[in-house]
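Okay, so here's the structure we're looking at.
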Amino acid sequence: MYHVFFNRRPTRPRLPRALYEQLAALPLNTEVNVHTTNETHYNALFLGFEPRTNSVSLLVDRFYKEGGRSLTIDAATITSIDLPASMRPAPSADTDEEEE
């Protein structure tokens, strides 16, 4: 006899490994540009990442007169994150080019 179990809870979409690692390693209060499927948040302040719920907390619009607002987005909607220049890997030097 077979037993069949149904799980009626919707599963959350899995994040791409590169995005998960980037969010997990991103220091708090880092200024980033976050691109999602519907919009882009420029100069957003990264406030945290909750891996169990795939929630990313940001502070956006902080340069407006009224101040910033907190925003929590689903990490599955993020298409890319632009890091500050100081956090990007250094470009590799091409050894094939001839020096003049």
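Numbers for the structure displayed
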{"quantity": "Residues that are in contact with a helix residue (DSSP H, G or I) (Cβ under 9 Å, 6 or more places away or on another chain) and surrounded by 14 or more Cβ atoms within 10 Å (Cβ to Cβ), drawn from region 12-31", "calculated": "15, 19, 20, 23, 26, 30"}
{"quantity": "Residue pairs meeting the criteria (Cβ under 7 Å; at least 6 apart or on separate chains; first over 13 Å from residue 82 (Cβ atoms), in region 14-33; second assigned to a loop (DSSP other than H, G, I, E, B))", "calculated": "15/54; 24/51"}
{"quantity": "Test: residue in region 59-76 that is surrounded by 14 or more Cβ atoms within 10 Å (Cβ to Cβ), among the small types (Gly, Ala, Ser), modelled with pLDDT of 90 or more and part of a strand (DSSP E or B)", "calculated": "no"}
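The values are calculated or read from the model by the stated rules, or taken from the named source; none is laboratory data. A quick note: this is a predicted structure, and the numbers were derived from the prediction, not measured. Here Cβ is always computed from backbone atoms with ideal geometry, including for glycine, and neighbour counts include all displayed protein chains.
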